[in-house]
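Rule-based calculations on the coordinates, nothing more; no lab input. For clarity, every value in this text was computed on a predicted model and none was experimentally measured. Here the Cβ is made from the backbone with ideal geometry for all residues, glycine too, and neighbour counts use every protein chain on show.
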């Protein structure tokens, strides 16, 4: 069994390895770049997929993000900077994509279909309902919620990624959660809230 | 933390793309032309932390060498070449004075009585001076040395004075010896 000292040592080792991978990648090592893609594809694709709700579009956007990363590898200073850079570029590209895609049929909060099944019987339906409610939020508020719950970021970190004041992030979160509670309480009663 | 938070975390978990995602990224990367690195990007790269340290060390070393060389040149402007002459002394206004002083020392009026010996003594002084001047190139052979011209001129003056003094003393001693022998012979 690994104690807390062992865990810290393993984390340090992983950080050093990632730093080394980043340096080799910046020097043109394609295998190192492939490692970076594999390590971060879940985060980038997840953000794009939850935001756009379209897997093929999300995949295309994620590829564009990694292509952009490949062209800007020299400007990346550390693994933490790499993660921040990927979150920022993906978020902004998603918001831009959504704004360009205004022709996409928007679902209003009132039109979100209500599941007939009890949430405890099928959590997948609840997840789907939550995604649909979040999908109906404005672009920035939607990205705030996704960054908060997918990446587990604090409001200050979200503010840096989205380049907006912390208070705006907090207000987006409050309003979004209020809408979600309202919608879910009307749909499911007080069961989960 | 409410249950809504947990449900949201569950709903918005990270998702993995298709298996061939990395290959597709590489296919796109391969289609792209190689990024052009501009001159200011190269300069900026030198200022990044690991390289910046060496650039700073190099620049500081170069600066120190330049300052040191400038200071050395300022403090030691004259150069002695292989012929043993002090190059800067020729252009130095003090040089002519030095030469005059040497001349005046050489032209010290000698007592008239032992005229032939004085003439001999003058030739011996010149010989000594020539010997002294010949010593310099032997010591500085195959090397150029930077010296202070004033110090060199003063040194030459002192050496010349010492040679003249020693020669005169020798001549005087010899003259006294001759004078002591003459009365004995006459007796």
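For a Förster distance of 45 Å, can you work out the FRET efficiency between the beta-carbons of residue A:182 and residue A:88, rounded to the nearest 0.05? Here the calculated transfer efficiency is 0.90. Is any residue of the range B:1-31 close enough, with backbone N under 20 Å, to a label point placed 7 angstrom from the Cα of residue A:170 along the Cα-Cβ axis, and if so, which? Within reach of a label on residue A:170, which here means backbone N under 20 Å from a point 7 Å along Cα→Cβ, the range B:1-31 contributes B:1-2, B:5. Site pair residue A:156 and residue B:30 shows an inter-label distance of 4.6 nm when each label is modelled 7 Å from Cα along Cα→Cβ. With R₀ fixed at 45 Å, the C-beta to C-beta distance from residue A:81 to residue B:71 puts the FRET efficiency at about 0.50. Each 5 Å bin, from zero up to the one with the longest distance, holds this percent of the alpha carbon pairs of the range A:42-100: 4, 21, 32, 23, 13, 6, 1. Peptide B:2-10 shows a mean partner chain C-beta count of 6 within 10 Å per residue C-beta. The protection proxy used here, the mean number of other Cβ atoms lying within 10 Å of each residue, ranks peptides B:17-28, A:57-68 as follows, highest first: A:57-68, B:17-28. P(r) tail for the range B:1-62: Cα pairs beyond 14 Å make up 77% of the total.
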